[in-house]
Every structure is written in C-alpha cells, then in structure tokens.
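The values are calculated or read from the model by the stated rules, or taken from the named source; none is laboratory data. None of these values were measured; they are calculated from a predicted model. Cβ coordinates were reconstructed from backbone atoms using ideal geometry, including for glycine residues, and neighbour counts include every protein chain displayed.
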Amino acid sequence: MHFLLSWSRHEDGVVASVPCGRTLIRRAAIMLIGLFAILAAAPSSTRAQVSLSFTPMLVEMTAAPGETRTFEVVMRNEGRTVTADFLIYTA
C-alpha cells in the first residue's frame, strides 16, 4: 500500500508537507520512545509504595456517666519514604 504525500499552501504562500504513511509512523514511534524514557527516568519517590495499617478498625464501648474508659489504637506507616499524617475522630 502506498500513501501519497500531499501538499498544502498556506495563506502566506508557504508550502508545507503533510506527513503520512511511514513518516507518521516513525514520528509516533519516536514520541512513544521519548515518553517511555521520560517516565523511566522519573524519580523513584513518584513510584513510592505506601502501606498503612490501623488496629483495631472498630472499637465499641459504653461508659457510665463520669466514668473514664481507655483504649489503644496502633497506627503503623510501613512506607519507606513517605510520611503519614493520622487524625483520629471519636463519636
């Protein structure tokens, strides 16, 4: 299959070629290779893995008027490079 190279003339008289066929495929391949190279060279912190765990997930308690009850929540940030901020709300 052959593609014809078409020409277009702009208003200012400049003649420009329109890429088609193999030229278009080559340009697309070069752009994809460039994009892959940029993503491969990205800093590792953008691909950092975050692992958070909370124990226990749910605590149900009742307290009589004036009584104080305590419980423990364990929060663990198992990520190597990312700092985690934790907020605990009680209802």
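A few notes on this one:
- Residue check, Ala48 at pLDDT 75 or above and either basic (Lys, Arg) or surrounded by 10 or more Cβ atoms within 10 Å (Cβ to Cβ) (or both): no
- Against the conditions (1) modelled with pLDDT of 70 or more; (2) of a type outside the set (Gly, Ala, Ser); (3) assigned to a strand (DSSP E or B), Arg69 satisfies every one except (3).
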